[in-house]
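Taken together, the values in this text are just the output of simple stated rules run on the coordinates, not laboratory data. Computed from a prediction, not measured in an experiment: that's the story for all the values here. As a convention, Cβ positions derive from the backbone with ideal geometry for all residues, glycine included, and neighbour counts pool all protein chains shown.
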Amino acid sequence: MKPFKEPIYVTESFLPPYEEYTACIKKIWDTHWMTNNGELHNSLQVELANYLQVDNVTLFVNGHLALDVAIKSLNLTGEVITTPFTFASTTHAIVMNGCTPVFCDINMNDFTIDVDKIEGLITDKTTAIVAVHVYGYPCNVGRIEQIAQKYNLKVIYDAAHAFGVEIEGTGIGTFGDVSMMSFHATKVFNTIEGGALLYNNKDYERQFNLYKNFGITGPENVEAVGLNAKMNEFQAAMGLVNLKYVDGQIEKRKNITELYRKGLREVKGINLMKDEESVKHNYAYFPILIDEKEYGMTRDELVERLKEYNVFARKYFYPLTADYECFGDKYKSCDLKNARYIAERILTLPIFGELGKNMVQDIVYIIREVVGDSE
Ligand SMILES: *Cc1c(COP(=O)(O)O)cnc(C)c1O
C-alpha cells in the first residue's frame with residue numbers, strides 16, 4: 001500500500017450545502033438579532049427536544065460550559081464519583097466547581113463507569129455521580145439510578161458522544177437528573193461549537209438560563225453570579241440546517257462501522273465493540289482495542305505506522321484524566337486497573353460520513369499489512 005495522498009484524520013467536520021446555511025443566516029441580516037434567545041436559537045431548542053425525545057433542552061455556547069452550569073445549578077459539593085476515561089472537560093468541570101473527583105474504574109465491556117465499584121467509593125461527603133456515555137455506549141443507567149436513590153445522590157451524564165442514542169426507544173437525555181451534549185464541530189451533530197443540557201424536570205430551566213446569562217433576571221436585577229454561555233444565532237442556524245442531514249450521516253457512519261468490522265473481525269489481537277440490541281447507536285467513533293501479544297505490535301507502534309500512510313488515528317482516551325500533569329500525583333494511587341489497561345491499548349480509527357468505502361478498506365489493509373498479514 002502506498003500512503004494516502006491527503007491526510008485522513010480521525011474525523012472531518014460535517015458542513016451542510018453552503019447555500020442552505022447562507023439562506024438560513026439571511027434572517028439574521030433582516031433582524032440584526034445575533035444572540036440572546038434569538039428566533040433560530042429558540043427553534044433549534046424545540047427541534048432538538050423533539051429529535052432527542054426529551055422534555056427540556058437548554059442550549060449553550062459549548063458542551064463544557066453546559067456541564068459547568070449543570071454542576072453549579074445542582075449545587076454539587078464535596079466528592080463527586082466519576083470516570084477518568086473521558087475527555088478533559090468532565091473532570092475539569094468538577095474540579096473548577098470546587099468539588100473533589102473520586103475516580104471509579106471502568107468496566108471492560110463498554111468502558112463506562114463500573115457500577116459494581118461505585119458504592120465502595122461513597123462517603124458522607126459524596127453528593128453526585130458524573131458518568132460518561134463513552135463513544136455513545138450508554139452507561140448502566142438502571143444501576144446508577146438505583147445507587148443514586150439509595151444514597152440520595154444527583155446524577156449528571158456527560159452525553160457528549162451520545163447524540164441520537166436511544167435505549168429501548170427512550171432518548172438518552174432522559175436518564176439521570178440532567179445530561180450534557182456537545183455539538184462541537186467534531187461531533188456527530190454540530191453547531192460549529194455548541195452544547196445543551198437535556199432534562200425531565202422543568203424546574204431546572206430557570207436556573208440553567210440564569211447561569212448562562214450572567215445571572216441576570218431583568219434590566220436592573222442580577223440574581224446570581226453567572227457565566228456567559230449563550231448559543232448565538234450563527235451556531236443555531238448551523239444546527240437547524242445540520243439537523244436535516246444528521247440521520248443520513250449516522251446511516252453512513254453505520255455502513256462504515258460495518259465495513260471496518262467485516263475487515264478487522266479476523267485480525268488477531270484487534271478487538272472490536274459490538275452493537276447492543278436494546279440500543280440505537282450513533283456510530284460516533286470506531287474504537288479498536290489492541291492486544292499487543294496477539295497482534296504483534298503495540299497501540300503506540302501502530303499509531304506511528306499509520307502516520308506513515310497518512311492516517312491519523314487518535315488515542316481516545318489516553319492519558320486518563322486522573323493522570324493529567326495538572327493533578328500531579330494526587331490520583332496516582334486510585335484503583336484504575338481496567339481504565340489504565342484500556343487507555344494503553346485503545347485506538348479510535350477515522351470515521352465520518354464522507355469517508356469513502358475504498359478508504360476504509362485501505363485502512364483495514366494497512367492495519368494487516370504492518371504486521372505482515374496481507375494476503
Ligand atoms: C467533546 C466533549 C466534551 C466537551 O464538549 P465541548 O462542546 O467541546 O465543550 C465533554 N465531554 C466529552 C466526553 C467530549 O467528548
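A few points about this structure:
- Averaging 1/r across all pairs of distinct Cα atoms in the stretch 157-272 and inverting the result yields a Kirkwood radius of 16.8 Å.
- Here's how it looks for D335: its modeled amide H is under 5 Å from none belonging to a residue 5 or more places away or on a different chain.
- Here the 3J(HN,Hα) profile of the stretch 335-343, calculated from phi with Karplus coefficients 6.51, -1.76 and 1.60 at θ = phi - 60°, is 7, 10, 4, 5, 4, 5, 4, 5, 4 Hz, Gly and Pro shown as x.
- Taking T22, T11, T35 and counting other C-beta atoms within 10 Å, the order from fewest to most: T22, T35, T11
- Semi-axes of the equivalent ellipsoid for the chain, Cα gyration tensor, largest first, Å: 34, 28, 17
- Within the chain, antiparallel bridges make up roughly 60 percent of the DSSP beta bridges whose residues both belong there.
- Cα-Cα over 18 Å, subset of K212/K244; K27/K202; K72/K332; K5/K307; K5/K187; K187/K252: K212/K244; K27/K202; K72/K332; K5/K187
- Annotation: the antiparallel percentage among DSSP beta bridges lying fully within the stretch 112-255 is about 55.
- Size of charge dipole - the chain - debye, nearest 20, with Cβ of Lys, Arg +1 and Asp, Glu -1, no other charges: 260
- Peptides 143-149, 65-71, 213-219 ordered by average Cβ neighbours within 10 Å, highest first: 65-71, 143-149, 213-219
- Total charge dipole magnitude, the stretch 241-375, about the Cα centre, Cβ charges on Lys, Arg, Asp, Glu only, Debye to nearest 20: 340
- Under-5 Å amide H pairs with T100, H placed in peptide plane, nonlocal only: G78, E79, V80
- Centre separation in Å (Cα based) which lies between the stretch 211-270 and the stretch 297-321: 25
- Mean projected area (nm²) of the alpha-carbon convex hull when the stretch 112-212 is viewed from all directions: 7.2
- Enclosed volume per residue, in Å³, of the convex hull spanned by Cα atoms of the stretch 294-375: 124
- Karplus 3J(HN,Hα) series, Hz, for the stretch 241-248 with 6.51 cos²θ - 1.76 cosθ + 1.60 (x for Gly, Pro): 6, 5, 4, 5, 9, 5, 4, x
- Centroid-to-centroid, using Cα positions, the stretch 10-36 and the stretch 78-106 are 35 Å apart.
- Cα gyration tensor of the stretch 10-79 - equivalent ellipsoid semi-axes, whole Å, descending: 29, 17, 13
- Sequence of D110, D105, D158, D30 once ranked by neighbouring C-beta atoms within 10 Å, starting from the fewest: D30, D110, D105, D158
- Nonlocal amide H pairs with N62, under 5 Å, H built at 1.01 Å: G195
- Taking other C-beta atoms within 10 Å as the exposure proxy, H161, H184 rank H184, H161 from fewest upward.
- Counting only DSSP H runs of at least 4 residues, each contributing -39500 (n - 2.57), and dividing by the residue count of the chain, the helix-based mean residue ellipticity at 222 nm comes to -11000 deg cm²/dmol.
- Rounded to the nearest whole Hz, the Karplus-based 3J(HN,Hα) values (6.51 cos²θ - 1.76 cosθ + 1.60, θ = phi - 60°) of the stretch 80-97 follow the sequence 10, 7, 8, 10, x, 8, 7, 6, 3, 3, 4, 6, 4, 5, 5, 5, 4, 8, with x at glycine and proline.
- Using the Stokes-Einstein relation with a Kirkwood hydrodynamic radius computed over Cα pairs, the translational diffusion coefficient of the stretch 48-171 at 20 °C and a viscosity of 1.002 mPa s comes to 145 µm²/s.
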